[in-house]
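Here's the structure we're looking at; comments come further down.
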Amino acid sequence: QVQLVESGGGLVQAGGSLRLSCAASRHTFSGYAVGWFRQKPEKEREFVAAITWSGDTTYYADSVKGRFTISRDNTKNTAYLQMNRLKPDDTAVYFCATGARPLSSKTAYGYWGQGTQVTVSS
C-alpha cells in the first residue's frame with residue numbers, strides 16, 4: 001500500500017529549478033514532520049531538508065541551504081521541495097518521508113515514498 005507519492009522529478013540543466021511534490025494519505029501526513037532525503041548512485045541515503053508539522057520550522061543540509069526550500073500544505077496533505085540553482089551534484093533519487101520529529105536521521109521516519117529521479121546536466 002503506497003503511503004507517500006513523490007512527483008516532479010526530471011532532467012534539468014545546471015542552474016535550473018525543479019519543484020518536487022509529496023502527496024500523502026491523511027493518516028501518514030497529519031500530525032507528522034516531513035523530511036526529504038536523496039540517494040546518489042552507490043551512496044547512502046542522505047538528509048536534504050525537514051519541516052515540522054506546523055510548518056513553522058525548517059531544517060536543511062548544508063549542501064542545499066540557500067538553494068532549496070521545503071514547505072507543506074496541510075489542507076492538501078502535500079509537501080514540497082523547491083530546488084533552485086541546481087548543480088550536477090544534486091543528481092539523485094529524491095524521497096519524502098514522514099515521522100514524529102523533523103530529524104536528519106532516516107530512522108526517525110516511518111513512512112516513505114518510492115522516490116523520484118532528479119538529473120542535473122552540466
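The values are calculated or read from the model by the stated rules, or taken from the named source; none is laboratory data. Keep in mind the model is a prediction, meaning the values are calculated, not measured. For neighbour counting, all protein chains shown are included, and Cβ atoms are generated from backbone atoms with ideal geometry for every residue, glycine included. Calculation scope for accessible area: heavy atoms of the full protein, side chains included, ligands and nucleic acids excluded. Shrake-Rupley method; radii C 1.70, N 1.55, O 1.52, S 1.80 Å.
Is there a residue in the stretch 108-117 that is open to solvent by less than 60 Å² (accessible area, probe 1.4 Å), closer than 23 Å to Gly10 by Cα and among the aromatic types (Phe, Trp, Tyr)?
In the first step, residues of the stretch 108-117 are kept if they are open to solvent by less than 60 Å² (accessible area, probe 1.4 Å); the result is 108-109, 113, 115-116.
Remaining after also requiring closer than 23 Å to Gly10 by Cα: 113, 115-116.
Next cut, among the aromatic types (Phe, Trp, Tyr) only: none.
No, the stretch 108-117 contains no residue that is open to solvent by less than 60 Å² (accessible area, probe 1.4 Å), closer than 23 Å to Gly10 by Cα and among the aromatic types (Phe, Trp, Tyr).
How about the stretch 39-54: which of its residues are of a type in the set (Phe, Trp, Tyr) and assigned to a loop (DSSP other than H, G, I, E, B)? Please lay out each step first, then the result.
Filtering the stretch 39-54 for residues of a type in the set (Phe, Trp, Tyr) gives 47, 53.
The answer is Trp53, and nothing else.
Only residues that are in a loop (DSSP other than H, G, I, E, B) and open to solvent by less than 40 Å² (accessible area, probe 1.4 Å): list them for the stretch 64-83, please.
Initial filter on the stretch 64-83 (in a loop (DSSP other than H, G, I, E, B)): 64-67, 74-77.
Within the stretch 64-83, Val64, Arg67, Asn77 meet the criteria.
Go through the stretch 8-18 residue by residue and tally those that are surrounded by 14 or more Cβ atoms within 10 Å (Cβ to Cβ) and not in a loop (DSSP other than H, G, I, E, B).
Residues flagged as surrounded by 14 or more Cβ atoms within 10 Å (Cβ to Cβ) and not in a loop (DSSP other than H, G, I, E, B) within the stretch 8-18 amount to 2.
Any chance you could count how many residues in the stretch 88-107 are surrounded by 15 or more Cβ atoms within 10 Å (Cβ to Cβ) and among the basic types (Lys, Arg)?
Looking only at the stretch 88-107, we keep the residues that are surrounded by 15 or more Cβ atoms within 10 Å (Cβ to Cβ), and these are 90-99, 102-104, 106.
Narrowing the set further to residues that are among the basic types (Lys, Arg) leaves 106.
Number satisfying all stated conditions: 1.
Pairs under 7 Å by beta carbon, first residue under 8 Å from Leu20 (Cα atoms) in the stretch 72-83, partner small (Gly, Ala, Ser) and open to solvent by less than 30 Å² (accessible area, probe 1.4 Å), six or more apart or different chains?
Tyr80/Ser21; Leu81/Ala49
Within the stretch 25-45, take every residue that is of a type in the set (D, E, K, R) and loosely packed, with under 15 Cβ neighbours inside 10 Å and give me the one that is nearest to Lys106 (Cα to Cα). Step through it out loud before you land on a result.
Going through the stretch 25-45, the residues of a type in the set (D, E, K, R) turn out to be 26, 38, 40, 42-45.
Those left that are additionally loosely packed, with under 15 Cβ neighbours inside 10 Å: 26, 40, 42-44.
On the way: Arg26: 21, Lys40: 15, Glu42: 17, Lys43: 14, Glu44: 10 Å.
Step by step, filter the stretch 25-45, then rank; the result is Glu44.
Cβ-Cβ distance below 8 Å, separation of 6 or more or different chains: which pairs start in the stretch 84-96 with a residue that is part of a loop (DSSP other than H, G, I, E, B) and end on one that is aromatic (Phe, Trp, Tyr) and open to solvent by less than 40 Å² (accessible area, probe 1.4 Å)?
Partner pairs satisfying both residue conditions: Asn84/Phe68.
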